[in-house]
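Report on the following structure.
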Amino acid sequence: MARYSKIILGPARKNDPQVLELAAAASTKPGCLVVVTSGKFALAGAATVGKVWLAQENYLSMQGVDTAYDTDDRVLGIEMQDDVLYAARIATGVNITAIGTALTPAANGMLGIAATSDLVVAYADEVFNNNTGSDQLIRIRPAASASYLSAAT
């Protein structure tokens, strides 16, 4: 069972972020980072540069955060705002040891710990050692939008 039941975590007083609906290029779990490629949402990877979106749970079909979108399903991609908290996926074996840890796109739409030259898209907002054996959602705060939204995809 997921550690969180929603992808947008708050604050509650703010309007929901904008979303874009596109077909999934591959099976996509909510909380994964996605990019627009050939008119579809593809999973972000370690070589990603430019704008990333966050796959939201499919509330239109009353699905939770652990139900993946199938290939060619309509994915709800959140345009992340830097003053809103979100839940995003990290792979098993990733150990977030400090709040504020810089995060970057890693394989299969997951977040990884950023190295000095990596594209930083978010910062960890909790400490979590993912030794669960499966990918997990962690609370994040997106990086300032100017740092990654203006670059070419």
From the residues in segment 48-78 that are β-branched (V, I, T) and either modelled with pLDDT under 90 or assigned to a loop (DSSP other than H, G, I, E, B) (or both), which one is nearest to A124 (Cα to Cα)?
V52
Give me the residue from segment 44-66 that is in contact with a Ser or Thr (Cβ under 8 Å, 6 or more places away or on another chain) and within 16 Å of L137 (Cα to Cα) and, out of that set, surrounded by the most Cβ atoms within 10 Å (Cβ to Cβ).
A55
Tally the residues that are surrounded by fewer than 16 Cβ atoms within 10 Å (Cβ to Cβ) and in contact (Cβ under 8 Å) with a residue 40 or more places away in the chain, restricting the search to segment 3-16.
5
Counting only residues that are touching a residue at least 40 places away in the same chain (Cβ under 8 Å), within 15 Å of the chain's Cα centre (by Cα) and not in a loop (DSSP other than H, G, I, E, B), segment 33-47 contains a total of 5
Residue match in segment 79-86 (condition: modelled with pLDDT of 95 or more, under 13 Å from the mean Cα position of the chain (by Cα), hydrophobic (A, V, I, L, M, F, W, C) and open to solvent by less than 60 Å² (accessible area, probe 1.4 Å))
no
Filter result for N108 (open to solvent by 30 Å² or more (accessible area, probe 1.4 Å), touching a Cys at 6+ places or on another chain (Cβ under 9 Å) and more than 18 Å from A143 (Cα to Cα)):
yes
Check on D72, open to solvent by 60 Å² or more (accessible area, probe 1.4 Å) and in contact with a Ser or Thr (Cβ under 6 Å, 6 or more places away or on another chain)
no
I'd like the residue in segment 95-151 that is assigned to a helix (DSSP H, G or I) and not polar (S, T, N, Q) and, out of all such residues, is modelled with the lowest pLDDT.
A146
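The values are calculated or read from the model by the stated rules, or taken from the named source; none is laboratory data. Note that the structure is a prediction, hence the values are computed from the model and not measured. For neighbour counting, all protein chains shown are included, and Cβ atoms are generated from backbone atoms with ideal geometry for every residue, glycine included. Note: accessible area is taken over every heavy atom of the protein model, side chains too, but ligands, DNA and RNA are not part of it. Shrake-Rupley method; radii C 1.70, N 1.55, O 1.52, S 1.80 Å.
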